[in-house]
Amino acid sequence: MLQNVSSVDFSINGDSSGSLIALEGLSREVPFEIKRIYYIFDTTPRAVRGKHAHRSLRQVLICLSGSCVVVCDNGEEKTEYHMAWPDKGLLIEGLVWREMRDFSKGTVLLVLASEGYDEADYIRDYGVFLKEIKHG
Ligand code: T46
């Protein structure tokens, strides 16, 4: 695991009729107040999304259906996370460049975010990302 990236297991409430996972903000699973929820779906097989970092946003990514790969990069090393389980989240905090790719058909990637949408929080240029990592 890279620094600022961690995997979180969710408890499943299940019985013979199916499963249910409940997530609340400010909990072990989601250690921030949830201010925004969005989901990515209808992706094409060769799509590569993300390609940015966030200055202060904290997020938990959950692959509800299908599968994809999230590549996280801290400017020195990259780690690939295989996402295919609705009971596992990927918590990303701090300056981490992320890319999402290898989407299977029917993938739904849910994201819980600590803040509303703010384009000023995005770093979309990899050179700028490296500079901010080095100089803060
Ligand atoms: C992230 C990864 C995991 C909005 O209007 N509101 C929103 O809350 C979001 C997230 C996006 N948008 C607009 C901005 C773009 O015009 O939707 C369009 C697609 O957004 P973007 O190209 O940033 O999507 P991804 O899949 O590359 O990245 C998203 C999040 O933006 C990002 O925060 O970490 O998912």
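Numbers for the structure displayed
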| quantity | calculated |
| --- | --- |
| Whichever residue in the range 97-134 is among the hydrophobic types (A, V, I, L, M, F, W, C) and either farther than 17 Å from ILE40 by Cα or loosely packed, with under 14 Cβ neighbours inside 10 Å (or both) and, among such residues, is modelled with the lowest pLDDT | ILE133 |
| Hits in the range 2-18 - residues which are on the phi > 0 side of the Ramachandran plot and either free of Cβ contacts under 8 Å to residues at least 12 places away in the same chain or surrounded by fewer than 13 Cβ atoms within 10 Å (Cβ to Cβ) (or both) | GLY18 |
| When residues of the range 45-57 are limited to those that are farther than 24 Å from GLY106 by Cβ and more than 9 Å from the ligand (Cβ to nearest atom), the one surrounded by the fewest Cβ atoms within 10 Å (Cβ to Cβ) | SER56 |
| All positions within the range 19-44 that are open to solvent by 100 Å² or more (accessible area, probe 1.4 Å) and part of a loop (DSSP other than H, G, I, E, B) | GLU24, LEU26, ARG28, GLU33, LYS35, PHE41, ASP42 |
| Exclusive hit being without any contact (Cβ under 8 Å) to a residue 40 or more places away in the chain and farther than 17 Å from LEU2 by Cα, set GLU24, GLU33, GLU76 | GLU24 |
| Matching residues, the range 84-131, being more than 15 Å from the chain's Cα centre (by Cα), closer than 18 Å to VAL71 by Cβ and of a type outside the set (Gly, Ala, Ser) | ILE123, ARG124, ASP125, TYR126, PHE129, LEU130 |
| Search result, residues across the range 26-48 that are closer than 21 Å to VAL69 by Cα and of a type in the set (Phe, Trp, Tyr) | TYR38, TYR39, PHE41 |
| Residues of the range 71-88 satisfying the condition of being within 12 Å of the ligand (Cβ to nearest atom) and in contact with a Cys (Cβ under 9 Å, 6 or more places away or on another chain) | TYR81, MET83 |
| Identity of the residue in the range 58-96, in a loop (DSSP other than H, G, I, E, B) and of a type in the set (S, T, N, Q), that ends up surrounded by the most Cβ atoms within 10 Å (Cβ to Cβ) | ASN74 |
| Count - residues of the range 1-18 that are of a type in the set (Phe, Trp, Tyr) and assigned to a strand (DSSP E or B) | 0 |
| Condition check for GLY89: of a type outside the set (D, E, K, R) and farther than 27 Å from GLU132 by Cα | no |
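The values are calculated or read from the model by the stated rules, or taken from the named source; none is laboratory data. Source: prediction; values computed, not measured. Quick reminder, even Gly has a Cβ in these numbers, built from the backbone with ideal geometry, and neighbours come from all protein chains shown. Protein only, heavy atoms only, side chains kept; ligands, DNA and RNA dropped before computing areas. Shrake-Rupley method; radii C 1.70, N 1.55, O 1.52, S 1.80 Å.
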